[in-house]
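Novice: Have a look at this one before I ask anything.
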Amino acid sequence: MEALARSLMNAVPLLAGVPLWAVTLLLIVAAAVVILVFALTFEGVGSLVLRKVAGDIQARIGPNRVGPNGILQFLADGVKLVLKEDIIPANADRLLFKLAPYFVFVGSFAAFVVVPFGVGLIAADLNIGIYYVMAVTSLVVVGVLLAGWASNNKWALLGGMRAAAQIVSYEIPVGMALIPAVLVAGSLSLQDIVRSQGGLLGIFGWNLFHNPFSFFSFFLYFTAAQAETNQTPFDLPEAESELVSGYNVEYSGIRFGLFFLAEFGDMFIVAALATACFLGGWNVPFFHAATLPWIWGNLLSLGVFLAKAFTMVLIMMWVRWTLPRLRVDQLMRMAWKYLVPLTFINLLGVSLWLLVFKGKGIPAMIASLFG
Amino acid sequence: MGLKEYMNDIVEAVTTTAKGMRITARYGVDPKEEVTLQYPEERWEIPAGYRGFLNNDVKTCTACTMCVKVCPVDCISLESVRGADKKMVLASYDINIGRCMYCGLCVEVCPPKSLKHTSGYEMASVARGELILHFIAEDAAEIKARVARQVAEAAVKAEAAKAADLSSDLSSEAARAAKEEAAKGEPKK
Amino acid sequence: MTVRTDALPTQEMTINMGPQHPSTHGVLRVILTTDGEVVTRAVPDVGYLHRGLEKIGERVTYAQFMPFTDRLDYLAAMNCNCAWAWAVEKLAKIEVPERAEYLRVIVCELNRISSHLIAFGSYTADMGAFTPFLYAIRERERVNDLFEMLCGNRLTYNYARVGGVSGDAPPGFLEKTKEFLDYFEPKLDEYNNLISYNKIFVHRLANVAVIPAEEAVAYGLTGPNLRGSGVPFDLRKDEPYSVYPKFDFKVCVGTGERGTPGDCFDRYMVRINEMRESVRIVRQAVARIPDGPVMAKVPRLFKPPAGEAYFRSECPRGETGIYLISDGSVNPFRLKIRTGSFVAMNIFEKVTRGLMIADIVAVIGSLDIILPEIDR
Amino acid sequence: MSGPADYIFYAAAAMTVGAAILVAILPNILYAAVALLFSFAGVAGLYVLLSADFLAATQVLVYVGGILVLLLFAVFLSNRISGGNITNPTHFRLPAAAICLVLFGVLSYAAVSTPFAVKRGVYLPTTADIGELLMTRYLLPFEVASVLLLAALIGAAFLSRPDRGATEKDDMREGKA
């Protein structure tokens, strides 16, 4: 940010007198606003797409009343959520009840900061990118637990407990499944990871095809991440047929809206991480987007990135409308007896592969065979 | 749990999920599979024997009260008085369609087939009173009073005829006149 | 699964599940005592939908009670209609024309299909997969279309009459029924591929709430719940009524396909397989239906002779037994209805001990209860 | 660096200390836990100011995502959770305050009198260095710590499952399903 601020100050003479930190701060705020707007838009549109996909899959039509073909439905939903009466249960813990949705939302939203949208489109290219995502999303757990407790509702409490146990358990396989990408790139920065998948191999440069272990890693990550973000078939914390709605059962209005937005935000984060770590991120196959002029390169890479991420989101929705839900003990068994050992085996495999083959992936080896 | 079982579990989970997802995908992409009826714009074809709202043709109704008796939920109420010509005259015929359960028993028993199901099924109201269908617009008390007057008139005429010891055709004329009077006053829906 | 209460000294929590809960299939209230997620005790509290149906039956005439039987089990109104008609006919010893009996069997089996579809659909929805529910509803709508064509109503049919049925099949009905069967039969395989054998689904149901055969008999379970435990008892075969002996069909029983015989999965599979058998029965009935009247001569002022009769028939949710005492007047002197869902509630507390909260939902769904039948 | 960084430091420090005081004095355990969250966040902010971003993320991941959640879990599991009033009574306020004051004095004196080496440097990623140090110089302590944690984990699992035979059988049965 500071570098950008410096270049901006050099480019715009008007800013010459302004202190560096002020410009930096301004840029940070601007980036945050842009990210927030993107996140909210995605979350709104995501809810609409989710319902449309549900409609298609379930031999229905889906929302089609607000706006042409229902595309304004999410605005109507948003307006409804904002205007709805804000109910706080009489015996709820008012302070924590009000605070909890913000924790959840902040935890989910803060992860957007390091999402590599394009060649230069990233709010903050932290060198601990993936690690940062894992860290800030852990705030969600606290919010969910507090929401479950503060509602003073037993179903909400059960939901909160389930959510916390689930998210804490699945953080391990999620992290372990992402490490192969980190190992291949040799960096925790998401931009570095994406860049490492570029090159002239096209889609075979992706970490997905780097070696068999990273291939499985992708699926393990996707499965575990679905659980970490409480998507069906792992939506136990809000299982509406068991826990009614879990930790957010007592919430209404925009407080519920924040949970809802956070859920879609998480969905996008998972899709974005999967894209960045395994599917080549914003890399355009057989083409260096960075060689284009700044604006075009970024637009092109942004388009590619979003297309990949949205495809992943669609797949998540598809899974969501197909599968039934696991039971709590089965969920835990899946985490500890299947995903954790498998991700560890994978990690070992990737490490050995990188050691033995000097960091080269299968496509690279094949390419070198043919010269 | 052996390794083989362990692997089998994983394979089975993946294959069965894939099977299910293939089916949902087919439905997802095939627009022909959409079965939703866009209700207010599109409507389904109502079959001939559809049991919709009840309608009583009060012109042919004989006020036999069969429908009232057979109705299991007592949603039909009927008032009638004996007219001058000894036939029953309907004073009121109400059906509370808020109570009606569309069983069709009343339609089956109706001797003159004046009570029928229509194909209507759309009705919304904000007051329960609006759910009572009145088939006779005129006030029941008025009809009763009028019929009573006619009956009295007919009786007076008959009395007079008897007293005057006139021929029978005159008496029948009076009866006819009374009947015409009644027919004129017969309420319409 | 055993209750691990001895593991950690924890506090039990009492949770009220229902009467407003999406998975209790109506207004069932279950009082759960849980230790964390493990249910130590689940006591069903019924009666939220009690309408005094049996008392109503004593105050209305035999013919007038017919629409009330629709409300006994609104998902299988035809079966209840016919059960009432058969019971009254048994009491009054009325001979019913054969065409009417065929029509009754057709509508009963069609309704069994539509009822099992709801059982299947809502069960999958309880398990978290919402899509099969809508597929089931879609198929059910077609059955409803058929019934609408036949009797004019889509949910509460009031089709059967004492001595026959209210109307003959309209032209095209039988063809449409055949069309539906052809459409529907492949869908069953689709359901199996979509969800029945899904790993998660199987895991949720297999070995959960196992009811051994002896226990099922001892608790008086009937219908698919009994057959799910492996007892091949079907009133259509074992105590044949109407024209059922003329049809060739199989009694589906639970075999412990994916776990222990008598678990939730077996009860679920029995329903899926029964739909297939119902399709077979309807096919035969449609092919062989005779011509003739559909209504016997029954006096308008119907007064059965004094006496009593008990008639039981195989409804989708088990045996619906109707016990009637007549004193020779137009109203039954006493009416008692035995329903499959009510007896299924008896065993509920026993089989749910030590399960998880999510399993409670699975058990309710696998017993396929319907509240008006429980509370009457 | 002067100016804004100083203000940020003071803000983060105030948040850390203020929240920590709240943790100590709040009667409601859950409120104290939330205050602890803010305290952790303040510490993470201080790490960021010291260019130790890896440490900051670790602080959030381990303390917020791990320890705080564990704490909340413990509170949920150990108390009459449905009662709604989880209290944390305070005792011996005066002696505690006295001890705190003395400790504060000692620590402040130590902080003021120690000649800290002030190093002005540029921001550099620390992750690689930390990783390398952990894998080379501090490998033994690292491994010892892991073994200790593993032992604690196994011990906890063992303590919470006294009826080993039965659970084993259950697992077999479930595994068959």
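Taken together, the values in this text are just the output of simple stated rules run on the coordinates, not laboratory data. These figures come from a predicted structure and were not determined experimentally. Don't worry about glycine lacking a Cβ; one is built from the backbone with ideal geometry, like all the others, and counts go over all protein chains shown.
Novice: Leaving out same-chain residues fewer than 8 places away, which lysines sit with a Cα under 17 Å from that of residue A:52?
Specialist: Answer for residue A:52, where 17 Å is the Cα cut-off: B:32, listed by chain and number.
Novice: Another question about this same structure. Can you spot the lysines whose alpha carbon is less than 20 Å from residue A:154's alpha carbon? Ignore those fewer than 8 places along the same chain.
Specialist: Candidates past the 8-residue exclusion: A:98.
Novice: Specify whether the C-alpha gyration tensor of chain A places it in the rounded, prolate or oblate class, a ≥ b ≥ c being the square roots of the eigenvalues: rounded for a/c under 1.5, otherwise prolate if a/b is larger than b/c and oblate if not.
Specialist: Oblate shape, in that a/c is at least 1.5 and b/c is the bigger or equal ratio.
Novice: When you count, for each residue, the other Cβ atoms within 10 Å and take the mean per peptide, how do A:211-220, C:342-351, D:19-28 rank with the highest first?
Specialist: Order by mean packing, descending: A:211-220, C:342-351, D:19-28.
Novice: Taking H as built 1.01 Å from N, whose amide H comes closer than 5 Å to the amide H of residue A:61, not counting residues under 5 places away?
Specialist: So residue A:61 has HN proximity to B:36.
Novice: In peptide A:138-150, what is the residue-averaged number of other protein chain Cβ atoms found within 10 Å of each Cβ?
Specialist: 5
Novice: Under 8 Å for C-alpha pairs, at least 6 residues apart: give me the relative contact order for chain C, rounded to a whole percent.
Specialist: Worked out over chain C, it gives 26 percent.
Novice: Ordered by packing density, taken as the mean number of other Cβ atoms within 10 Å over each peptide's residues, highest first, how do C:157-168, C:364-375, B:147-158 rank? Spell out each step's value before the answer.
Specialist: Numbers: C:157-168: 23.8, C:364-375: 25.9, B:147-158: 16.1.
Ranked from most to least packed, the peptides come out as C:364-375, C:157-168, B:147-158.
Novice: Then there's this: Residue D:17 to residue A:299: FRET efficiency via 1/(1 + (r/R0)^6), r the Cβ-Cβ distance, R0 60 Å, to the nearest 0.05?
Specialist: The calculated FRET efficiency here is 0.80.
Novice: Go ahead and run the numbers for FRET between residue A:20 and residue D:48, Cβ-Cβ distance against an R0 of 25 Å, rounding to 0.05.
Specialist: My answer for the efficiency is 0.90.
Novice: Filter chain C for me: DSSP H helices, axial length by Cα at least 15 angstrom, mean Kyte-Doolittle hydropathy not below 1.6. List them by residue number.
Specialist: C:357-367
Novice: Moving on. Placing +1 on the Cβ of each Lys and Arg and -1 on the Cβ of each Asp and Glu in the protein assembly as shown, which of C:211, C:275, C:110 has its Cα farthest towards the positive end of the resulting dipole?
Specialist: C:110
Novice: Let me know the mean shielding of B:31-40 by other chains, meaning the per-residue number of their Cβ atoms within 10 Å of its Cβ. Walk me through the numbers on the way to the answer.
Specialist: Numbers: counts 2, 1, 7, 7, 11, 9, 2, 3, 0, 0.
Per residue, the average neighbour count from other chains is 4.
Novice: Continuing with the same structure: How large is the translational diffusion coefficient of chain C in µm² per second when you combine the Kirkwood radius over alpha carbon pairs with Stokes-Einstein at 4 °C and 1.567 mPa s?
Specialist: 61
Novice: While we're looking at this one, here's another question. Positive end of the charge dipole of segment A:84-369 (Lys, Arg +1 and Asp, Glu -1 on Cβ, about the Cα centre): tell me which of A:359, A:278, A:300 has its Cα farthest that way.
Specialist: The listed residue farthest towards the positive side: A:359.
Novice: Kyte-Doolittle mean at least -1.0 and Cα extent at least 20 Å along the axis: which DSSP H helices of chain A qualify?
Specialist: Values: long enough: A:20-57 (53 Å, 1.95); A:94-110 (25 Å, 1.30); A:129-150 (32 Å, 1.92); A:154-185 (46 Å, 1.22); A:212-228 (24 Å, 0.81); A:253-278 (37 Å, 1.59); A:294-320 (38 Å, 1.43); A:340-356 (24 Å, 2.05).
TM-like helix candidates: A:20-57, A:94-110, A:129-150, A:154-185, A:212-228, A:253-278, A:294-320, A:340-356.
Novice: Once a ≥ b ≥ c are taken as the square roots of the eigenvalues of the Cα gyration tensor of segment C:145-240, is the result rounded (a/c under 1.5), prolate (a/b larger than b/c) or oblate (a/b not larger than b/c)?
Specialist: Verdict is oblate for segment C:145-240.
Novice: Over all distinct Cα pairs, what is the inverse of the mean 1/r for the protein assembly as shown, reported as the Kirkwood hydrodynamic radius in Å?
Specialist: So the Kirkwood estimate lands at 34.5 Å.
Novice: Return the ratio Rg/(2.2 N^0.38 Å) for segment D:7-65, where Rg is computed over Cα atoms only.
Specialist: Dividing the Cα Rg of segment D:7-65 by 2.2 N^0.38 Å gives 1.11.
Novice: Also: Can you compute the helix-only [θ] at 222 nm over the protein assembly as shown? Use -39500 (n - 2.57) per DSSP H run of at least 4 residues, normalise by all residues, nearest 500 deg cm²/dmol.
Specialist: My calculation for the protein assembly as shown gives -18000 deg cm²/dmol from helical runs alone.
Novice: Roughly what would the spin-label model give for residue B:10 and residue A:86, points 7 Å off Cα along C-beta, in nm?
Specialist: 4.9
Novice: If you don't mind, another one. Counting Lys +1, Arg +1, Asp -1, Glu -1, what net charge surrounds residue C:45 among other residues with beta carbon under 15 Å of its beta carbon?
Specialist: Neighbour charge sum, excluding residue C:45 itself: 0.
Novice: Continuing with this model, one more query. Give the average, rounded to an integer, of partner chain Cβ atoms located within 10 angstrom of each Cβ in C:120-132.
Specialist: 6
Novice: Hey, another quick one. Provide the gained length on full extension for the span residue C:187 to residue C:12, in nm with one decimal, where the gain is 0.36 nm per separating residue minus the Cα-Cα distance.
Specialist: Numbers: separation 175, 0.36 × 175 = 63.00 nm, distance 4.46 nm.
Gain in length upon complete extension: 58.5 nm.
Novice: Let me ask something additional. With respect to the cross-link table entries B:59/C:297; C:90/C:303; A:337/B:19, which display a Cα-Cα separation exceeding 20 Å?
Specialist: Among B:59/C:297; C:90/C:303; A:337/B:19, the Cα-Cα distance tops 20 Å for B:59/C:297; A:337/B:19.
Novice: Determine, from the Cβ-Cβ distance of residue B:144 and residue B:123 and an R0 of 25 Å, the FRET efficiency 1/(1 + (r/R0)^6), rounded to the nearest 0.05. Could you put the intermediate results ahead of the total?
Specialist: Working: r = 29 Å, r/R0 = 1.17.
Rounded to the nearest 0.05, the efficiency is 0.30.
Novice: Further, regarding this structure: Decide, for segment A:20-140, between rounded, prolate and oblate: order the square roots of the alpha carbon gyration tensor eigenvalues as a ≥ b ≥ c, take rounded if a/c falls under 1.5, and otherwise choose prolate if a/b is larger than b/c, else oblate.
Specialist: On the way: a/c = 1.99, a/b = 1.32, b/c = 1.51.
The shape class here is oblate.
Novice: Shifting gears a bit: By average Cβ neighbour count within 10 Å, what is the ranking of A:41-51, C:304-314, A:253-263, C:118-128 from highest down?
Specialist: Result, highest mean Cβ count within 10 Å first: C:118-128, A:253-263, A:41-51, C:304-314.
Novice: About its Cα centre, how strong a charge dipole does segment C:75-148 have in debye, to the nearest 20, once Lys and Arg get +1 and Asp and Glu get -1 at the Cβ?
Specialist: With Lys and Arg at +1 and Asp and Glu at -1, about 100 debye.
Novice: Name all residues of segment C:253-278 having a backbone nitrogen under 18 Å from the label point set 7 Å from the Cα of residue A:337 along its Cα→Cβ direction, giving them as ranges.
Specialist: In segment C:253-278, the label zone of residue A:337 (backbone N under 18 Å from the point 7 Å along Cα→Cβ) covers C:258-260.
Novice: Something else: Report, in whole Å, the centroid distance computed from the Cα atoms of segment C:359-373 and segment A:69-85.
Specialist: 35
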